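One structure is given here, and the rest of the page talks about it.
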Amino acid sequence: MIHTYLGATIRFEIKYKNRTSIGIKIDSYGNVEVQAPKGTSDEKVLQLLEEKWGIIQQKLMEMKGRLDGPQEKVYEHGVGFLYLGNTYPIEIIEDVTIMQEHVQFKEDRLYIYVKQHDLEKIQQALKRFYYQQCKALVEKSISSYQSHFKTKPRGIRITDSKTTWGTCDSKLQLTFNWRLAMAPQEVIDYVVVHEMCHMVHLNHDRSFWRLVGKLMPDYKEKEDWLTLSSWKMTV
């Protein structure tokens with residue numbers, strides 16, 4: 001079926017099932033499926049679609065971005081980069097007097113100070129910024145949740161991982177991906193809680209997930225955010 005609302009059009013499929021409420025499911029390819037109780041009228045289905053229209057459009061845009069794959073980064077004035085879950089434009093400031101290239105976040109912008117407009121130097125400054133911010137944000141989160149644990153991390157490292165957001169080894173060394181600085185604070189909190197729970201349960205057994213769920217009941221929402229947004233967390 002096709003429905004147009006607020007100047008936008010979506011295609012969707014309705015599946016009638018033995019359930020008590022209407023739900024909307026969007027798969028990894030951007031296909032929209034409405035699951036409704038048997039006998040639900042088209043009017044009620046369209047009403048729900050319009051109520052959730054903004055969320056649906058946002059998810060479809062995210063899916064499109066994932067399917068298109070990562071795009072080549074552009075380091076020019078006004079280009080947006082993620083920081084704490086929001087996208088902020090960058091401003092590149094050339095200053096030959098600075099000691100080292102660096103980034104400052106202020107007034108809803110990321111100011112990148114470089115001696116000259118060199119793409120490699122700009123990228124290095126951004127990465128250094130995210131590394132530093134990630135360490136501070138992770139330490140803040142650990143401090144917030146430490147009272148729930150009898151043991152403490154023996155060390156904290158920030159690394160560049162292509163496969164994990166965080167790890168905890170048998171020596172209670174916690175490691176986190178610098179890209180976490182691009183995620184909302186509550187998502188960072190989830191990754192920290194996840195790894196701190198490994199200080200108690202090293203594997204992903206039921207006891208581990210019960211502990212995670214006790215400390216963060218909505219942790220699956222945080223996992224969903226990482227799944228949907230990881231493709232754009234790049235420099």
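Proximity of backbone amide H atoms, modeled 1.01 Å from N, is registered between His102 and Tyr113 at under 5 Å, excluding neighbours fewer than 5 places apart on the same chain. A cut-off under 12 angstrom between Cβ atoms defines the neighbours of Gly39, and their net charge, with Lys, Arg +1 and Asp, Glu -1, is +3. Only one residue of Gly7, Cys168, Val96 has its Cα farthest out toward the positive end of the dipole of the chain, where Lys and Arg carry +1 and Asp and Glu -1 on Cβ, and that residue is Cys168.
Note on the chain: with charges restricted to the Cβ of Lys and Arg (+1) and Asp and Glu (-1), its dipole about the Cα centre is near 1020 debye. Diffusion coefficient of region 1-123 by Stokes-Einstein, Kirkwood radius over Cα pairs, 20 °C, 1.002 mPa s: 119 µm²/s.
Summarising the amide proton neighbourhood of Gln173: residues at separation of 5 or more, or on other chains, whose placed amide H is nearer than 5 Å comprise Arg154.
Spacing of the modelled spin labels on Thr164 and Glu51, each 7 Å from Cα toward Cβ, amounts to 4.2 nm.
Within the accessible surface of the chain, defined with a 1.4 Å probe on protein heavy atoms only, the carbon and sulfur portion equals 48 percent. Couplings 3J(HN,Hα) of region 48-53, computed from phi: 5, 4, 5, 5, 9, 4 Hz, in residue order, whole Hz [Karplus 6.51 cos²θ - 1.76 cosθ + 1.60, θ = phi - 60°; x for Gly and Pro].
Across Lys162, Lys220, Lys127, mean-square fluctuation computed from a Gaussian network of the chain (C-alpha pairs under 10 Å connected) peaks at Lys162.
The heavy atoms of Tyr130 offer some 0 square angstrom of accessible surface to a 1.4 angstrom probe. The computed mean projected area of the Cα convex hull in nm² for the structure shown corresponds, within [x] 16.5; [y] 41.5; [z] 14.3, to [x].
In deg cm²/dmol and to the nearest 500, what is the mean residue ellipticity at 222 nm of the chain if only DSSP H runs of at least 4 residues count, each as -39500 (n - 2.57), divided by the residue total?
Taken over the chain, the calculation gives -12000 deg cm²/dmol.
Among the listed pairs Lys106/Lys232; Lys17/Lys220; Lys106/Lys220; Lys52/Lys73; Lys121/Lys232, those with a Cα-Cα distance over 29 Å are Lys106/Lys220; Lys52/Lys73.
Considering only Lys73, Lys222, Lys135, the mean-square fluctuation computed in a Gaussian network model of the chain, springs between alpha carbons under 10 angstrom, is largest for Lys73. In the context of the full protein assembly, Asp108 retains an accessible surface of approximately 100 Å², using a probe radius of 1.4 Å and ignoring ligands and nucleic acids.
Applying 1/(1 + (r/R0)^6) with R0 = 35 Å to the Cβ-Cβ distance of Asn86 and Arg157, what FRET efficiency is obtained, to the nearest 0.05?
Working: r = 26 Å, r/R0 = 0.74.
Efficiency at R0 = 35 Å is approximately 0.85.
Computed from backbone phi with θ = phi - 60° and the Karplus coefficients 6.51, -1.76 and 1.60, the 3J(HN,Hα) list for region 87-98 is 9, 10, x, 9, 10, 9, 10, 8, 8, 6, 8, 6 Hz; x is used for glycine and proline. For region 105-118, putting each phi into the Karplus relation 6.51 cos²θ - 1.76 cosθ + 1.60 with θ = phi - 60° gives couplings of 9, 7, 6, 6, 9, 9, 8, 9, 9, 9, 6, 8, 6, 10 Hz, in residue order, rounded to whole numbers and with x for Gly and Pro. Work out, step by step, the length gained on full extension between Met1 and Ile14: first 0.36 nm times the residue separation, then minus their alpha carbon distance; give nm to one decimal. Length difference between fully extended and current span is 3.9 nm. Average 1/r across all pairs of distinct alpha carbons in region 102-190, invert it, and you get the Kirkwood radius: 14.4 Å. Using +1 at the C-beta of Lys and Arg and -1 at the C-beta of Asp and Glu, which of His198, Val138, Ala181 has the Cα lying farthest in the positive direction of the dipole of the chain? Looking along the dipole axis, the top candidate is His198. For the chain, DSSP calls about 55 percent of its internal beta bridges antiparallel.
The values are calculated or read from the model by the stated rules, or taken from the named source; none is laboratory data. Computed from a predicted structure; not experimentally measured. Note: ideal-geometry Cβ built from the backbone for every residue, glycine included; neighbour counts use all protein chains shown. For the accessible areas, the whole protein counts, side chains as well, though only heavy atoms, and no ligand, DNA or RNA atoms are used. Shrake-Rupley method; radii C 1.70, N 1.55, O 1.52, S 1.80 Å.
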